[in-house]
1. In region 44-103, what count of residues is obtained for those that are in contact (Cβ under 8 Å) with a residue 60 or more places away in the chain and of a type in the set (A, V, I, L, M)?
2. Which members of region 18-64 meet the condition of being closer than 26 Å to I113 by Cα and charged (D, E, K, R)?
3. How do the pairs read when you match residues in region 260-271 that are farther than 12 Å from R100 by Cβ and modelled with pLDDT under 85 with residues anywhere that are hydrophobic (A, V, I, L, M, F, W, C) and buried (at least 19 other Cβ atoms within 10 Å of the Cβ), using Cβ under 8 Å and keeping only pairs 6 or more apart or on different chains?
4. Restricting region 91-101 to residues that are on the phi < 0 side of the Ramachandran plot and crowded, with 17+ Cβ neighbours inside 10 Å, which is farthest from the chain's Cα centre (by Cα)?
5. Are any residues in region 134-154 among the hydrophobic types (A, V, I, L, M, F, W, C) and either assigned to a strand (DSSP E or B) or more than 14 Å from D184 (Cβ to Cβ) (or both), and if so, which ones?
6. Scan region 49-71 residue by residue and report those that are surrounded by 15 or more Cβ atoms within 10 Å (Cβ to Cβ) and assigned to a loop (DSSP other than H, G, I, E, B).
Amino acid sequence: MNTQLLNRIDQRTRLAGHNRLALLLFRLGGRQLFGVNVFKVLEVLNRPPLHRLPHTRAPLLGIADLRGRSVPVVDLGRAIGHPESDETTQNHLIVTEFNRSVQGFLVSAVERIVNIAVDEVHPPPDFGEASYLTAITRLGTELIQIIDVEKVLAETAAPVPAPTQAQALRVRVPGEPRILIVDDSRVARAQIQQCLEPLGIRCTLLPDGRQALTHLKQLAAAGTPPSQHYAVVISDIEMPDMDGYTLTTEIRRDAALADLWVLLHTSLSGIFNNAMVERVGANAFVPKYNPHDLATEVLQRLQAVGLAQAA
């Protein structure tokens, strides 16, 4: 394994070990600060020329040619309905990679990178389906709104085909085994649920690692072994209050939870591998979002414990 890869693994796990979140801060017009996980960011550029495409409309503005790569560009302010956004003042492009794709977001100003303690990152007010936030935090007296970029991408990109996993994978899952899904993105939770429930799997949904850990400990305290209640725990990595690394570590430290089967599932692309999974104590890793890959991994686990059968 090369030194650069080991350094990236160490960087991730050191940050997670201190339970901190690195954010790139930016503005969309006006004074409000927004943030995105810095590990989703490939680069920040001055606004490049855009090639408008027929039959597209805002917030998808067109394509930028970045060193031979065609990158779709989204007006982020328009996408989330920010009232002070004005496309004519969006002069910076944040190029991101997540969910196995590269895309650019136009913003008005890029500030800096900050490290925030995860216990200072909180779930946003519940505005239901209309919310484009996964979390909020503060830097001094300034409020930082952390954008649910997965929701933005889901609304601006071509939709993922509706799951037909039961037919495609030719499986039968008797008895409705349970799976715990932990993700701060409402869109991501719904995608996983829609992928697995057609297979006959019952899903419990929670928005962050802290709530998941509390829930699992409550099961154990009530006399229900969590590993018998849940065949799989699927956890996002980047979440407010307690991230997926810390959740996995806490599960492994607790004798009542340690035998849970944990699958890490994240939109961060290209920087995870088996060494990372082993280091944090997870059993498997699947990058977002490919419903076939996710269903295959889950079904292999269910088959291993005798809860699924080939049709």
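The values are calculated or read from the model by the stated rules, or taken from the named source; none is laboratory data. Keep in mind it's a predicted model, so treat the numbers as computed, not measured. Ideal geometry is used to build each Cβ from the backbone, glycine not excepted, and the neighbour counts take in all protein chains shown.
1. Result for region 44-103: 8.
2. Hits for region 18-64 are R20, R27, R31, K40, E43, R47.
3. I271/F39
4. From region 91-101, those on the phi < 0 side of the Ramachandran plot are 91-98, 101; that's our starting set.
If we keep only those that are crowded, with 17+ Cβ neighbours inside 10 Å as well, we get 92-98.
Working: H92: 24, L93: 21, I94: 18, V95: 17, T96: 13, E97: 12, F98: 8 Å.
Among those residues, the one meeting the criterion is H92.
5. A135, I136, L139, L143, I144, I146, I147, V152, L153, A154
6. L50, P59
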